[in-house]
Amino acid sequence: QVQLVESGGGLVQAGGSLRLSCAASGRTFSSYAMGWFRQAPGKEREFVAAISWSGGSTYYADSVKGRFTVSSDNAKNMVYLQMNSLKPEDTAVYYCAADVGGWATSAINNYDYWGQGTQVTVSS
């Protein structure tokens with residue numbers, strides 16, 4: 001079993017930046033992907049970004065492309081989401097997820113483990 005814990009959420013003004021972190025513990029795998037998803041009130045959970053554990057492949061939703069960067073530190077079992085030029089529509093609970101044996105993907109059903117989420121609020 002893999003446990004995932006997100007941190008780094010908070011309140012920022014539009015145009016500001018935040019860096020989210022996801023710490024993985026428990027079993028480790030030589031091949032899996034990590035994804036970031038978000039869910040705003042009244043909306044379905046949506047894909048944000050994903051990265052292969054090696055860090056060699058990334059994938060972004062069109063809504064965040066050019067503003068967000070996903071990265072990983074394998075030695076620390078950490079995944080990060082650097083969010084720049086934040087907009088009010090980025091306000092949501094952000095979740096990290098692990099796809100064991102997978103690659104960077106936007107398909108929510110591919111992910112096996114989920115964190116508890118961290119709130120990001122962007123004021124106008």
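The values are calculated or read from the model by the stated rules, or taken from the named source; none is laboratory data. Small disclaimer: the values here were computed from a predicted structure and weren't measured. Note that we place each Cβ from the backbone using ideal geometry, even for glycine, and neighbour counts take in every protein chain shown. The accessibility values were calculated without ligands, DNA or RNA, using every heavy atom of the protein model including side chains. Shrake-Rupley method; radii C 1.70, N 1.55, O 1.52, S 1.80 Å.
Quick notes
- Qualifying positions in segment 60-106 - over 16 Å from Gln119 (Cα atoms), open to solvent by 30 Å² or more (accessible area, probe 1.4 Å) and among the β-branched types (Val, Ile, Thr): Thr69, Val100
- Selection count, segment 46-59, where residues are touching a residue at least 40 places away in the same chain (Cβ under 8 Å) and open to solvent by 80 Å² or more (accessible area, probe 1.4 Å): 1
- Segment 1-28, residues that are outside any strand (DSSP E or B), over 12 Å from Thr91 (Cα atoms) and more than 12 Å from the chain's Cα centre (by Cα): Gln1, Gly15, Gly16, Ser17, Arg27, Thr28
- When restricted to residues that are modelled with pLDDT of 95 or more, open to solvent by 30 Å² or more (accessible area, probe 1.4 Å) and part of a loop (DSSP other than H, G, I, E, B), segment 29-41 contains 0.
- Residues satisfying the stated conditions in segment 107-121, i.e. β-branched (Val, Ile, Thr) and open to solvent by 10 Å² or more (accessible area, probe 1.4 Å): Ile108, Thr118, Thr121
Per-residue answers, yes or no, for (1) in contact with a Leu (Cβ under 9 Å, 6 or more places away or on another chain); (2) within 16 Å of Gln3 (Cα to Cα); (3) not in a loop (DSSP other than H, G, I, E, B); (4) not hydroxyl-bearing (Ser, Thr, Tyr):
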residue: Lys43; (1), (2), (3), (4): no, no, no, yes
residue: Phe47; (1), (2), (3), (4): no, no, yes, yes
residue: Ser71; (1), (2), (3), (4): yes, no, yes, no
residue: Leu81; (1), (2), (3), (4): yes, no, yes, yes
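- Filter result for the condition that a residue is assigned to a loop (DSSP other than H, G, I, E, B) and small (Gly, Ala, Ser), over Ala97, Ala75, Ala104: Ala104
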